[in-house]
Amino acid sequence: MRTQVAIIGAGPAGLLLGALLHKAGIDNVIIERQSSAHVSSRIRAGILEQGTVDMLVGVGAGQRLLAEGTPHRSIELVFKNQRHAIDVHGLTGGKVVTAYGQTEVTHDLMAARQAAGLATVYEASGVSIHDFDSPQPSVRYVQHGQIRQLTCDFIAGCDGFHGVCRSSVPKAAATEFERVYPFGWLGVLADVPPVSPHAIVYGNHERGFSLCSMRSLARSRYYVQCPIEDKVAQWSDQAFWDELRRRLDPELADRIVTGPSIEKSIAPLRSFVTEPMRFGRLFLAGDAAHIVPPTGAKGLNLAASDVKYLSAALIEFYLDKSSAGIDGYSQRALRRVWKAERFAWSLTTLMHRFPGSGGFDQKIQEAELDYVVSSRAASTALAENYVGLPL
């Protein structure tokens, strides 16, 4: 079997790349080691930048998003037991972020791909990539007990941090940058109305960070900072709700509607970047190339910007017979990646309590937060980064 672009990974990055290439008339096949049911059931974050929304609409996968997604015009910062709104919409010339679960994004992209009759190979085991430093790379995998090979012009590695694409890059060819944070996020998903239906609430407290977000008007996602050594079994639902209330302002704490958790987990926080993001005819995109702390809601959106740049580069190669785009892909993508990493790092540093920190550190955070909410310039900088820097 042969195609122009082999895409490894059927998550949002791979599916969106496939849709963008198909729209331009470029053949592509997606190869995924998991089943379609597994892929479509993964629960992930769901705050979409305006640019991501525009891309999904542009490939015909935005109808349900536009109907069911909830625009957020502001974010709220809680510190010193008081809540302050940042008018994201007003400070960015009308831009918003939209709450719409990544699971739903995946469903919509899968449905659009199936409707277009495009090839997706699920449950492909033993996936390996070959000769990506030559003009004719290939992908090998096992399906139904048979070894199969897909030859192609390019390979797009959209298969995540633990995927085969990043691990196939020779160690000497890449430089990796990483920061691991000394705490985790205990997250609870519950079928309860969000405490703030049109804003995301970030809390800074002496006891630690908190976050109030939503998946829909009937499903909420809440987090509290916890020691990375904690286990989910240590936290009952009641203990979680009590701790969340302690870290919010009194009025907001009283408004929280509680309920049994659908899903409860502790997520570690870290930053990771691989440079470059191109190796011959292999390109990395999304989590295969970088990971950001969830504080700034940038993970899915960075994956979307990666594939926007990569699709534009491949379209330029096939339609304009120019390699300028693919030659510049890594530099272009990494420029935006590092700005997103900086934003996520700065927000993580500002809002969390670090081991060994004391009263001085808390006062510095509160002073910085007071400056952010009282300075239009500082509020604008936060808002611009939050809705997404220009593509």
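Computed from the coordinates by the stated procedures, all read-outs in this text should not be read as laboratory data. Computed from a prediction, not measured in an experiment: that's the story for all the values here. Reconstructed Cβ throughout: ideal geometry from the backbone, glycine too, with neighbour counts over all protein chains shown.
Taking a sphere under 12 Å around the Cβ of ALA24 and counting the other residues whose Cβ falls inside, with K and R at +1 and D and E at -1, yields a net charge of -2. Considering only HIS89, PHE240, SER35, and ranking their Cα positions along the charge dipole of the chain that arises from unit charges at the beta-carbon of Lys, Arg, Asp and Glu, the one farthest toward the positive end is SER35.
Across all Cα atoms of the chain, the radius of gyration (one decimal) and Dmax (whole number) stand at 21.4, 64 Å. The ranking of LEU369, LEU319 from fewest to most other beta carbons within 10 Å of each one's beta carbon is LEU319, LEU369. Among LYS80, LYS171, a tally of other beta-carbon atoms within 10 Å of each Cβ gives an order, fewest to most, of LYS171, LYS80. A Gaussian network model of the chain, with springs between Cα atoms under 10 Å, assigns the largest mean-square fluctuation among GLN34, GLN238, GLN146 to GLN146. The P(r) of the range 71-207 has a tail past 20 Å containing 71 percent of all C-alpha pairs.
Normalising the average separation of contacting C-alpha pairs (under 8 angstrom, six or more residues apart) by the number of residues puts the relative contact order of the chain at 21 percent.
So what's the range 1-70 giving for Cα Rg divided by 2.2 N^0.38 Å, two decimals? Normalised by 2.2 N^0.38 Å, the Cα Rg of the range 1-70 equals 1.20. If you take the alpha carbon atoms of the range 299-391 and fit the smallest convex hull around them, that volume is 104 Å³ per residue.
For the range 258-385, relative contact order (Cα pairs under 8 Å, six or more residues apart, normalised by length) works out to 20 percent. Axis angle, to the nearest 10 degrees, between helix 237-246 and the longest C-alpha principal axis of the chain: 60 degrees. In the range 225-298, the convex hull through the Cα atoms has an average projected area of 7.3 nm², a quarter of its surface area. Report note on the peptides 290-301, 323-334: ranked by the mean count of other C-beta atoms within 10 Å, highest first, their order is 290-301, 323-334. The long axis of helix 299-319 is offset from the longest Cα principal axis of the chain by roughly 30 degrees.
The local environment of GLN114, defined by Cβ-Cβ distances under 14 Å, has a net charge of -1 under the rule Lys, Arg +1 and Asp, Glu -1. Computed from point charges on the beta carbon alone (+1 for Lys and Arg, -1 for Asp and Glu), the dipole magnitude for the range 197-236 about its Cα centre is near 260 Debye. Simple rule: put +1 on each Lys or Arg Cβ and -1 on each Asp or Glu Cβ in the chain, find the dipole, and look at GLY46, GLN149, LEU334; the Cα lying farthest toward the positive end is GLN149. Scattering from the range 165-239 was approximated by placing one identical point on each alpha carbon and applying the Debye formula without solvent; log10 I(q)/I(0) at 0.17 1/Å stands at -0.77. With all pairs of separate Cα atoms included, the range 20-115 yields a Kirkwood hydrodynamic radius of 15.5 Å.
The simple spin-label model puts a point 7 Å past each Cα toward its Cβ; for SER128 and ASP254 those points are separated by 6.6 nm. Ordering SER213, PRO197, ALA174 by the projection of their Cα atoms onto the charge dipole of the range 151-234, which places +1 on the Cβ of Lys and Arg and -1 on the Cβ of Asp and Glu, puts PRO197 at the extreme positive end.
In plain terms, the residue of TRP241, TRP338, TRP345 with the fewest other Cβ atoms within 10 Å comes first and the most crowded comes last, giving TRP338, TRP345, TRP241. Rounded to the nearest 20 debye, the dipole size of the chain about its Cα centre is 220 debye, using +1 on the Cβ of Lys and Arg and -1 on the Cβ of Asp and Glu. Summed over qualifying helices (DSSP H, 4 residues or more, each -39500 (n - 2.57)) and divided by its residue number, the chain shows a 222 nm mean residue ellipticity of -11500 deg cm²/dmol.
For the range 245-390, a crude dipole built from +1 on the beta carbon of Lys and Arg and -1 on the beta carbon of Asp and Glu, taken about the Cα centre, is about 180 debye to the nearest 20. Note that the range 237-391, at 10 °C in a medium of 1.306 mPa s, gets a Stokes-Einstein diffusion coefficient of 85 µm²/s from its Kirkwood radius over C-alpha pairs.
For the range 62-212, the relative contact order comes to 25 percent (Cα pairs under 8 Å, sequence separation of at least 6). Highest-first packing order for the peptide set 20-29, 153-162 is 153-162, 20-29, based on the mean count of other beta carbon atoms within 10 Å. Cross-link partners for LYS23 among the lysines, with Cα-Cα distance under 17 Å and sequence neighbours closer than 8 places in the same chain left out: LYS308.
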